[in-house]
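Step one of this worksheet: look at the structure below.
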Amino acid sequence: MDAEQTRAVLAMMWRIRAFEERVGQLKRADEVHGLIHLSIGQEGVAAAVCGQLRTADAVYSGHRAHGHALAKGASMARALAELMGRRDGLCRGMGGSMHLVDVEHGFLGATGVVGGNIPLALGSALALRAAGRDAVAVVFFGDGAVQAGLFAESVNLAALWRLPVLLVCENNGFAEFSPRSAHTPVERVRDVVAPFGLAGGTVDGNDVDAVWDAVAGLLPAVRAGEGPALLECLTHRLRGHYEGDPDRYREAVSSAEWRERDPIARLQRAATGDGRLDPDELPGFERAARDEVERAVLAARESPFPDAALAASLVYGR
Amino acid sequence: MSTHETTYIGAVMEAIDQEMARDERVLLLGQSVGGRPDDPFVQRYGENRVRVTPISETAEIGMAVGAALAGMRPVVDATMAEFLLVAMDQVVNEGNRFHHMSGGRVRVPMVLKAGYGFTAGWAGQHTGSIYGMFMGVPGLKVALPSTPADAKGLMATAIRDDNPVLFLHHYLLTLDRGEVPDGEHLVPFGQAVIRRPGADVTLVATGWTVPMALAAAATLAADGIEAEVIDPRTIAPLDTATVLASVRRTGRLVLVDQATRHASVAAVLAAEVAEAGFDALRAPIVQVTGLDAGIAYSRPMEEHVLPDEAKVVAAVRRVVEHSGTRV
Ligand SMILES: Cc1ncc(C[n+]2csc(CCOP(=O)(O)OP(=O)(O)O)c2C)c(N)n1
Ligand SMILES: [Mg+2]
């Protein structure tokens, strides 16, 4: 990443971090309701992958989707309004945290059923190919989704038809309350897909420069129609599985260890160390992000709740 | 009979525990069971009988069908009813069919335990009252407990049943407390219970709408309208006889159901009573159900699509006042 790219990625990571920390507070205050999964600690993957996509590229995500939506270009104010169930929300308050959609920015959507998003991305890739476009489809999913039958079916089909799809697995080592070792004897997702000849590999997902470089290496070939790729990003979710999860099944990371691992702190260290960024400019990223979130909270509170009848009138498209 | 107080979900787990202690063939599988060595079920019954499964519902449920064919009595904790949909073939086209297709040569004693109806901002994919998809499936039984005592008794019966049983516990009742019989407690399938007697109108409700119907009945009683509240407890088999007998006494029927209107227990009961109890009806049957829509995220919209106490009360008043038939 050059200096400009680094600034953009760092700014995005701070936006995701600030957004999600505020969402956690709003959830506890019951201004955001429902089931909330935060990606704090995993922001680097969303920012480095989506930072290299075009608006025409399609992105799909799952239950832990806030970061992917923001990184693909969704407005923070409209994302927050959605989580607060308001009329100005991305989905008019119909979808909430697990079902964000922002067609305008190519965020085709999040689904709460693990693995359900993977074939959808294949479908987008098929449509883009049929339309003769050089856009790609990208799907984010967790390590838990790899054990779903849909994953195996989708990898086979994507490889067979050489679909322009980038599969991004955020391997945080846990699916809900179980470590990966309780779900599969295959530790690395890369090894699961080995026979299919997909491009890609495994990177440290909290090393944002490494994620960026890996994506930069894979995207041109996917775009050129040379076939799908799978990038496995090893990462860590700092929060529980969902907001409110007592998180008793994992060793907590110490704050010293977290400073080492935190993808934001790491990128800031790396980029100031090699002169890409000036240490003086760092506080500005966080400040700008937190200011933006506060503006989004105020805007969402101003937005009325939707007309209740909308719920029954949107059953069919017309 | 001595009792103790516990939660609805605690009562479910108590039944599984007692049945596992009683019968070595009972297995417990699921994505959030037995994950830790200090899990009480793992400690009591060992890792062979208590297994955490990956997010592989198709294999998980299909394997349970196979284990049942091979003589075990698996209980699969599928967490949420919607996750069963991933494995729909195994649930509605494999497990339920083997006994029948084999000319009765084999049996599939299996329980699929799943929560449903979590309308608390869980939005489109985790909130459905989707039992309508299962209640008309031949070979599959479906239980919908509404109290801790029934949660225990229906789960124990489900485990001893020789057929696949879908045991759907309501998420909004999870921590409700109530008296539960100590020791062995079996609630028979296909036997509705009258939760409150009344002579003016019959109210049928399941799961979370049972307390709603009881609250409505209390409100109506203050106005001199006595509602009889019936809880079918299992919807396959469905005890239409108890409902019909009640309608013969009251002449009026209001059906309360959280499910979408056209895939509800209400729709089935309305048809049965219209056919077999037409002569007893003094007013049209009224259904107070979820709308034929998904569950929206935002609170006002979520409330709009669901039944509530006020809607039940209004429906009963309409029925009672119909054509001046009020007695
Ligand atoms: C088909 C299905 N089964 C179970 C669940 C419940 N569930 C929600 S998130 C989750 C764990 C997902 O783990 P992973 O894919 O690793 O994503 P992470 O939460 O770690 O980001 C599970 C089991 C679900 N949503 N869908
Ligand atoms: Mg995971």
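The values are calculated or read from the model by the stated rules, or taken from the named source; none is laboratory data. Here the structure is a predicted model, which means the values were calculated and not measured. Every residue, glycine among them, receives a Cβ derived from its backbone with ideal geometry; neighbour counts consider all protein chains shown. In case anyone asks, the SASA skips ligands and DNA or RNA and just uses the protein heavy atoms, side chains included. Shrake-Rupley method; radii C 1.70, N 1.55, O 1.52, S 1.80 Å.
Which helices pass in chain A if a helix is a full DSSP H run, must span at least 18 angstrom along its long axis by Cα, and must have mean Kyte-Doolittle hydropathy not below -1.0? Mind dumping the intermediate values first?
Values: long enough: A:3-28 (38 Å, -0.45); A:117-130 (20 Å, 1.15); A:208-223 (22 Å, 1.07); A:282-302 (31 Å, -0.46).
Qualifying helices: A:3-28, A:117-130, A:208-223, A:282-302.
Over chain A, calculate the relative contact order: mean separation of alpha carbon pairs under 8 Å at least 6 apart, over the residue count, as a percent. Each step should come with its number before you reach the end.
Details: 609 pairs, mean separation 75.0, N = 318.
RCO, chain A: 24 percent.
Which whole-angstrom value gives the distance between the alpha carbon centres of the stretch B:52-77 and the stretch B:143-162?
Answer, in whole Å: 19.
With the Cα gyration tensor of the stretch B:65-112 giving a ≥ b ≥ c as the square roots of its eigenvalues, does the rule (a/c under 1.5 for rounded; else a/b larger than b/c for prolate; else oblate) give rounded, prolate or oblate?
oblate
May I ask for the distance between the Cα centers of the stretch A:143-163 and the stretch A:211-242, given as a whole number of Å?
15 Å
Given H placed on each backbone N at 1.01 Å, which residues far from A:V138 in sequence or on other chains put an amide H within less than 5 Å of it?
When sequence neighbours closer than 5 places are left aside, the close amide H contacts are A:A58, A:V59, A:Y60, A:L166.
Ignoring ligands, DNA and RNA, how do B:H99, A:H33 rank by accessible area with a 1.4 Å probe, largest first?
The ordering from most to least exposed comes out as B:H99, A:H33.
Using a 10 Å cut-off around each Cβ of peptide A:176-183, what is the average number of partner chain Cβ atoms that fall inside? If you can, show how the numbers build up before the last one.
On the way: counts 6, 5, 9, 1, 1, 0, 8, 7.
Across A:176-183, the average partner-chain Cβ count within 10 Å equals 5.
For the peptides A:125-138, A:94-107, what is the packing order when you average, over each peptide's residues, the other Cβ atoms within 10 Å and list the highest mean first?
Top to bottom by mean Cβ count within 10 Å: A:94-107, A:125-138.
Enumerate the lysines that A:K72 could reach by cross-link, defined here as Cα to Cα under 25 Å, with residues fewer than 8 away along the same chain left out.
By straight Cα distance, A:K72 reaches A:K27.
Give the lysines reachable from B:K141 as a straight Cα distance under 19 Å; neighbours fewer than 8 places away on the same chain don't count.
The qualifying lysines are B:K113, B:K152.
Using only Cα atoms, tell me the angle between helix B:57-69 and the longest principal axis of chain B; keep it within 0 to 90° and round to the nearest 10.
With both axes taken from Cα atoms, the answer is about 80 degrees.
Would you mind putting A:38-47, A:251-260 in packing order, based on average other-beta-carbon counts within 10 Å, highest first?
A:38-47, A:251-260
Cα axis of helix B:40-49 to longest principal axis of chain B: angle in degrees, 0 to 90, nearest 10?
60 degrees
Sum -39500 (n - 2.57) across every DSSP H segment of at least 4 residues in the protein assembly as shown, then divide by the residue count to get the 222 nm mean residue ellipticity, nearest 500. Kindly include the intermediate steps, with their values, before the conclusion.
Numbers: 24 runs with 256 residues, N = 645.
Theoretical 222 nm ellipticity from helices: -12000 deg cm²/dmol.
At 1.4 Å probe size, with the rest of the protein present, what percent of the exposed accessible area of the protein assembly as shown is carbon and sulfur atoms?
Working: 13310 of 24870 Å².
With neighbouring chains kept in place, the figure for the protein assembly as shown is 54 percent.
Scan around B:L166 for amide H atoms under 5 Å from its own, H built in the peptide plane at 1.01 Å from N, and keep only partners 5 or more places away or cross-chain.
Close amide H contacts, sequence-distant or interchain: B:L112, B:K141, B:V142, B:A143.
Once amide H atoms are built 1.01 Å from N in the peptide plane, which residues 5 or more positions from B:E228, or in another chain, come under 5 Å H to H?
Counting only residues 5 or more places away or on other chains, the set is B:G198, B:D200, B:V201, B:T202, B:L203.
So what are the ³J(HN,Hα) numbers for the stretch B:129-136, from phi and the Karplus equation (6.51, -1.76, 1.60; θ = phi - 60°), rounded to whole Hz, Gly and Pro as x?
9, 9, 5, x, 5, 10, 6, x
Angle check, please: helix B:309-321 long axis (alpha carbons) against the longest principal axis of chain B (alpha carbons), in degrees 0 to 90, nearest 10.
40 degrees
If you count, for every residue in B:21-31, the Cβ atoms of partner chains within 10 Å of its Cβ, what is the mean?
Averaged over the peptide's residues, the number is 1.
Is the shape of the stretch B:139-238 rounded, prolate or oblate, going by the alpha carbon gyration tensor and its root eigenvalues a ≥ b ≥ c, with a/c under 1.5 for rounded and a/b larger than b/c for prolate? It would help to have the intermediate numbers written out before the result.
Values: a/c = 2.27, a/b = 1.79, b/c = 1.27.
It is prolate, given that a/c is not under 1.5 and a/b is the larger ratio.
Which residues in the stretch B:60-97 have a backbone N closer than 16 Å to a point placed 7 Å from the Cα of B:R105 along the Cα-to-Cβ line?
B:69-71, B:97
How much of the DSSP beta bridge set in chain A is antiparallel, as a percent to the nearest 5?
In chain A, approximately 10 percent of DSSP beta bridges are antiparallel ones.
In nm, to one decimal, how far is the modelled label at B:T3 from the one at A:L282, with both set 7 Å along Cα→Cβ?
Label at B:T3, label at A:L282, 6.3 nm between them.
Count neighbours as other Cβ atoms within 10 Å of each site's Cβ, and list the trypsin sites (Lys or Arg not before Pro) in the stretch A:28-103 that are DSSP loop with at most 16 such neighbours.
Answer in residue order: A:R54, A:R87.
Give the calculated FRET efficiency between A:L298 and A:R87 to the nearest 0.05, with a Förster radius of 22 Å applied to their Cβ-Cβ distance.
Numbers: r = 15 Å, r/R0 = 0.70.
After rounding, the FRET efficiency stands at 0.90.
Does the stretch B:226-327 classify as rounded, prolate or oblate by the C-alpha gyration tensor (a ≥ b ≥ c root eigenvalues; a/c under 1.5 gives rounded; else a/b over b/c gives prolate, otherwise oblate)?
oblate
Work out the mean other chain Cβ neighbour count within 10 Å for the residues of A:304-310 and drop it here as an integer.
Going residue by residue through A:304-310 and averaging, the value is 5.
So if we plug the beta-carbon distance of A:E21 and B:M88 into 1/(1 + (r/R0)^6) with R0 = 41 Å, what FRET efficiency do we get, rounded to 0.05?
Numbers: r = 39 Å, r/R0 = 0.95.
The pair A:E21/B:M88 has a calculated efficiency of 0.55.
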